[in-house]
Structure formats: C-alpha cells, structure tokens
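FYI, it's all coordinate maths here, none of it is from the lab. If you're wondering where the values come from, they're calculated on a predicted model, not measured in any experiment. Cβ coordinates were reconstructed from backbone atoms using ideal geometry, including for glycine residues, and neighbour counts include every protein chain displayed.
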C-alpha cells in the first residue's frame, strides 16, 4: 500500500512526522531515501520531537548511528557511506531491537533490513517535495492514516 503527497512547508513535514510517530512501536523500522537536501534529517528531527526526545537530532553521516534514549529509543542511521564499505557495522541489534530505527539511504542495506518496513521516499520538485510512503503488513495502517 502506498500514498503520495506534495509537501510545500516545514509544517507539513512536521505533521507527517507527528502522524507516523503516533503509530511508533518497538522494532519499527522507517527507511528514508531521497535526494541530498530533500529533508530526510528534517523529517527525523520532527519525528524525534513527537516521540518526546528533547536532544538535538542531527545527521549521523560520519558516525553511521546515533542513539537517542527515550521510553522508546530512537536509532538514527545514515548508511550512505556503507555503499562502498559493505555491511561491516553491527546494526542488527538496533534494526531488530526495542526502539525505532530511522535509516537514511536505506536501499544501501535493504537486504539486511526486516522484510516489512515503512518506506518514505522524498523527491525534490523545485521548491516542493513529493513524498511517497509505502508499507505492508503492520505498516499498512500507518499508510492508510496518511491517505487524505
């Protein structure tokens, strides 16, 4: 199941993150992909806020993983740099853990991810963004909640 929308403001990104955070559960995996500067980290910042995380959330580009403790921990990954390095990092403890994993550039490690994840693809369209949200299984209800 999937839904598409055009996002024109930061507030719309915030509302998308808020709706998805409402459904957050232990073991949830969100895969983000999109152009550089499309808003993957911005989405994650809003998402973290709606999980109740008050830390400053920034891109884990050079560290691969940042952990934000919370009643539902957030594991924020940027796996872009693993495209050439291979999958030498032990991310399984997080991807199959008790928190929520948000994986920027998820297609790089897709074969290591759970069979079912919530996919968010952000494409730049001038000053706007097209956002496609896909999910199956336990993620269908989230996608359905996003359909206007």
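Worth pointing out:
- Förster radius 22 Å - calculated FRET efficiency between residue 59 and residue 6, Cβ distance, rounded to 0.05: 0.35
- Estimated 222 nm signal from helices in the chain, with DSSP H stretches of n ≥ 4 weighted -39500 (n - 2.57), rounded to 500: -7000 deg cm²/dmol
- Shape of region 92-137, Cα gyration tensor, a/c cut at 1.5: prolate
- Residue order, fewest to most beta carbons within 10 Å, for 54, 81: 54, 81
- Prolate/oblate/rounded label for region 26-106 (Cα gyration tensor, a/c 1.5): oblate
- Percent RCO, i.e. relative contact order, over region 2-146, from Cα pairs under 8 Å lying at least 6 residues apart: 35 percent
- For region 4-138, alpha-carbon Rg relative to the globular expectation (2.2 N^0.38 Å, N residues): 0.97
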